[in-house]
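Enquirer: Below are the structure tokens for one structure; questions will follow.
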Amino acid sequence: MPVLARGSGIAGWGAYVPRYRVKAEEIARVWGWEPSVPRSLGVEEKAVAGVDEDSVTMGVEAALNAIARAGVEPGRIGAVFFGTESKPYAVKPSATIVAEALGVTPETMASDLEFACRAASEGLRSALALVEAGHVEYALVIGSDTAQASPGDVLEFTAASGAAALVVGPSGDSVAVLEGVYTYVTDTPDFWRGAHSPYPLHGEGFTGEPAYFHHIESAVKGLMERLGLRPGDFDYAVFHQPNGRFPLRVAQRLGFPREKVLPGLVTPRIGNTYNASALLGFARVLDQARPGQRILLAPFGSGAGSDAYSFLVTDRIEERRGRAPSVDDYMEAKRYVDYAVYAKMRGLYTRIA
């Protein structure tokens, strides 16, 4: 469903990546995988949330950075959308906790969203629409996950922790103005977790072609056709990053050179942060983009769906860039742990009395 923008964009952006890292080769060593397996995924190591961190605490940190860059009083934020697969409460909204911590309450919308790794992108679409319609002045979108994976499963090499946040506002106060967005959604069973299952399952035969590639390609092609753009019109391309290989492959299939993808490709260094995955890549691009450049953003969520956005960078980005830590600042501040410490922090085993 294509939509043409009428005046909204990104007023501020923020990121958070935990400092703890576990190397992919360490996971392979513990479970007896050949070292070639994590290498084939294009992931060197992944970020691990500490024992005192969860999707809410990480989301608050990223949101504080986004609000600092936007320079907006929290009371002017009329909506908070929190996208995650790993909220700390089964029944209790995370968005209200975040909104309270940031000083956004009580006169605001607050919603938790679910759509696998695309939930935060649903929030972004909604936030942009609310701003354009004049229902709110600013909105806050957060993608944050402490991704789960069954111990020893191939998914464990990539399932990571991290958060990204975007303050959405009117185009006149944006560092990147929305040109258009296109969404493509079907019922494709590539990844799921049952109500009482601690870890997700994945249909490997569906993961690539019918899910990730088909949906992202359909959304991006729909957007470019609607806007009359080609890959050469974009300076950067950011795709959902379940591993280090898929984004480069889908870019090639769509006609985008790898040079336009690499600036936003963060998964090889921190793993797949699920709802924060594409948004962290987008944030890293905003950390370096120049006025006048065009950015393609294409998140994806299993189940399955993809959104494709086109943003134009404005002059305001230069003055706001230094107001908060960059994605690289977080990625470079790291401390390695072994598998035992990683398993303890992520609750993969518990003490028996």
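Enquirer: Using Cα pairs closer than 8 Å and at least 6 residues apart in sequence, work out the relative contact order for the chain, in percent.
Expert: 26 percent
Enquirer: Given Cα positions, please report Rg to Rh for the chain, the hydrodynamic radius being the Kirkwood one.
Expert: With Rh from the inverse mean 1/r over Cα pairs, Rg/Rh is 0.95.
Enquirer: Can you compute the FRET efficiency between Val341 and Leu262 using 1/(1 + (r/R0)^6), with r the Cβ-Cβ distance and R0 = 35 Å? Round to the nearest 0.05.
Expert: 0.65
Enquirer: Pairs of lysines 8 or more apart, or on different chains, with alpha carbons under 22 Å: count those in the chain, would you?
Expert: 9
Enquirer: Rounded to the nearest 5, what is the percent of antiparallel bridges among the DSSP beta bridges in segment 80-217?
Expert: Roughly 55 percent of the DSSP beta bridges within segment 80-217 come out antiparallel.
Enquirer: Determine the relative contact order of segment 73-217: mean sequence separation of Cα pairs under 8 Å and six or more apart, normalised by residue count, in whole percent.
Expert: Once normalised by length, the contact order is 21 percent.
Enquirer: Right, next: What is the distance in Å between the Cα centroid of segment 66-128 and that of segment 136-167?
Expert: Going from one Cα centre to the other spans 14 Å.
Enquirer: Got the relative contact order for segment 239-348 handy, in percent, Cα pairs under 8 Å and 6 or more residues apart?
Expert: 22 percent
Only the coordinates and a few stated rules stand behind these numbers; no lab work does. Because the structure is predicted, anything quoted here is derived from the model rather than measured. Note that we place each Cβ from the backbone using ideal geometry, even for glycine, and neighbour counts take in every protein chain shown.
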